[in-house]
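Novice: Supplied in structure tokens, the structure appears directly below.
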Amino acid sequence: MHSMRRHTYISTTALLLLGALCPAFSAAAPYLEQEKAVLARIKAPVFPAADFAITDHGAKADSDCSEAIAKAIEACHRAGGGRVVVPKGVWLTGAVRLLSGVNLHVPEGATLRFIPDPKKYLPAVPTRFEGMELIGLSPLIHAAGQENIAITGKGTLDGSADVKHWWPWKGNKQYSGGPSQKADRARLDQQTREGVPPRERTYGEGHYLRPSFVETNGCKNVLIEGVTLVNAPMWVLHPLLCVNVTIRGVTVRSHGPNNDGCDPESCRDVLIEDCVFDTGDDCIAVKSGRNDDGRRVGIPSENIVIRRCVMKDGHGGVTMGSEISGGVRNVFVSDCVMDSPNLDRAFRFKSNAVRGGVIENIRFRDIRLGQVDKAVLGVEFDYEEGADGPHHPVLRDVSFERVTGEACGRVVAIAGLKEATITGIRFSDCRFKGVRSPDLIKEAVPPVMEKVEIERTAPK
């Protein structure tokens, strides 16, 4: 059973009125100019032509090279910068701490494998866990307050997380035994509500909040290019409070709990291009801090360009939230492919009345969807705590142009809140086939559909 509907829900007069209320709708050209301006500012760092092999500092294959890698990084940094080279083979390590001027180069045929012993990620460092500030286990690769840093090459970074290491800390029933993060996560959440200073929120040895795989915290001029990342403890790529970030040609294959592919958090001027994401959570999730921490720091994620990426398995292809209290604006997504029976939603917005946040000026264009299980667009303002809070989230000025889908659960699934704002969503020149279920819209202004074709099929 198939039926075709062509939606033209809005008149010219109404479009003019919408343009007056939402100026970005009055002309499409300005947002393309905004995107060009963002791209003009983003420049990948360039490094001196000097190599520092980890083997020159004592590294031996299939053994713990933590000390040798640290020495090579320090030597490269002191010399004014260059590449720290991991040769072909398998090299074991604990936490790697990047310094300014250092390009960690992992060429094809090389694997940097991280030892899944929490003691290898001490001393604890300032970081965020799900948008909350703390002193926690070091990310596997960590940089704090550095400038001109990179991870490059066609090699592999293996976080060594699996059903016996790191992932059981999530506390999910599919993992057997072991400690759980639940008590630590609840305590950290309480500390943020009580305003405990972040430096007093200590979760190092003996605690169970999983570290991110790669985190650059408060850095400027960051490049991550070419590498394949597998088996992450938690979030895979986590630029945090960074300016001028390029993530290019990266492949992420990691299906553990909270294994988001890339989470730019409170970052400005970010380019994510030509990447492949096959994940256990959202493929790309733009964030800006959680609850009181996000509002106190008050730094949005803004000026983000995502293009020519492939999204496979995941909860969302491109997501904003749920740690979104600092807001998100000016995100431009184009020329991507999203296709998997295990991809829940192509585009996803998550918040609630505890997290709040303003999400605005978001542009999607020229995106091809194959299979998407639940919805093309999912808005979940009832996420977790739902309406139980005073901070009402806002979603406005979102456009979808020339998006096509071959098999979609439904086109739109919006769950708003009575006091929240969801308005100014527009689809134009889109076509969706194999749509099994009707739209669900609650507590929101329905999206404008202009030149949109929907081909429905009977549910299986």
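Every number in this text was worked out from the coordinates using simple rules, so none of it is lab data. In this text the structure is predicted, and so the values were computed from the model without any measurement. Backbone-built Cβ (ideal geometry, glycine too); neighbour counts: all protein chains shown.
Novice: Taking the Cα centre of the range 2-457 as origin, work out the dipole magnitude from +1 charges on Lys and Arg Cβ and -1 charges on Asp and Glu Cβ, in debye rounded to 20. Can you show the working numbers first?
Specialist: Values: 57 positive and 57 negative charges, 69 e Å.
Result for the range 2-457 is approximately 340 debye, rounded to the nearest 20.
Novice: With charges set only on the Cβ (+1 for Lys and Arg, -1 for Asp and Glu), what does the dipole of the range 159-260 come to about its Cα centre, in debye to the nearest 20?
Specialist: Dipole size: approximately 180 debye.
Novice: Please list the non-local residues whose amide H lies under 5 Å from the amide H of residue 84, H modeled 1.01 Å from N, same-chain partners needing a gap of 5 or more.
Specialist: 52, 103, 104, 105
Novice: With runs of 4+ DSSP H residues as the only contributors, calculate the mean residue ellipticity of the chain at 222 nm using -39,500 (n - 2.57) per run, divided by the residue total and rounded to the nearest 500.
Specialist: On the way: 5 runs with 56 residues, N = 460.
My calculation for the chain gives -3500 deg cm²/dmol from helical runs alone.
Novice: Oh, and also: How do 240-252, 431-443 rank on mean C-beta neighbours within 10 Å, highest first? Please list the in-between numbers first.
Specialist: Details: 240-252: 21.8, 431-443: 16.5.
The packing order, highest mean first, is 240-252, 431-443.
Novice: Next question, about the same structure. Nearest 10 degrees is fine. How inclined is helix 29-41 to the longest principal axis of the chain, computing both from alpha carbons?
Specialist: Computed tilt is about 0 degrees.
Novice: Amide H neighbours of residue 333 under 5 Å, counting only residues 5+ apart in sequence or on other chains, H built in-plane at 1.01 Å?
Specialist: 306, 363, 364, 365
Novice: So for each of 140-150, 262-272 I average, over its residues, the number of other beta carbons within 10 Å; can you give me the resulting order with the highest mean first? Can you show the working numbers first?
Specialist: Details: 140-150: 22.4, 262-272: 25.5.
Averaged packing, sorted descending, gives the order 262-272, 140-150.
Novice: Using only Cα atoms, locate the centre of the range 237-263 and the centre of the range 189-235, then give the distance between them in Å, rounded to an integer.
Specialist: The range 237-263 and the range 189-235 have Cα centres separated by 12 Å.
Novice: Amide H neighbours of residue 225 under 5 Å, at least 5 residues apart or on other chains, H built in the peptide plane: list them.
Specialist: 151, 152, 153, 248
Novice: Taking only Cα atoms, what is the 0 to 90° angle, nearest 10, from helix 12-21's long axis to the longest principal axis of the chain?
Specialist: 40
Novice: Taking 30 Å as R0, compute the FRET efficiency from the Cβ-Cβ separation of residue 190 and residue 418 and round it to 0.05.
Specialist: Details: r = 27 Å, r/R0 = 0.91.
Computed FRET efficiency for residue 190 and residue 418: 0.65.
Novice: Which percent, nearest 5, of DSSP beta bridges in the chain are antiparallel?
Specialist: Details: 12 of 146 bridges.
Beta bridges within the chain, antiparallel portion: roughly 10 percent.
Novice: Given an 8 Å cut-off on Cα distances and at least 6 residues of separation, report the relative contact order of the chain as a percent. List each step's numbers first, then the result.
Specialist: Numbers: 1455 pairs, mean separation 50.8, N = 460.
Relative contact order for the chain comes out at 11 percent.
Novice: Still on this structure: From the list (1) 60, 59, 45; (2) 71, 46, 42; (3) 85, 61, 47, can you say which value of Cα extents along the principal axes in Å was derived from the structure given?
Specialist: Computed from these coordinates, Cα extents along the principal axes in Å corresponds to label (2).
Novice: So, in Å, what gap is there between the alpha-carbon centers of the range 84-136 and the range 376-413?
Specialist: If you average the Cα positions of each part, the centres end up 35 Å apart.
Novice: Under the Karplus relation 6.51 cos²θ - 1.76 cosθ + 1.60, θ = phi - 60°, what is the ordered set of whole-Hz ³J(HN,Hα) values for the range 63-73, x standing for Gly and Pro?
Specialist: Each residue of the range 63-73 in turn: 9, 6, 9, 3, 5, 5, 5, 4, 5, 5, 5 Hz.
Novice: Moving on to the next point. Extending each Cα 7 Å along its Cβ direction at residue 67 and residue 200, get the distance between those two points in nm, one decimal.
Specialist: 3.8
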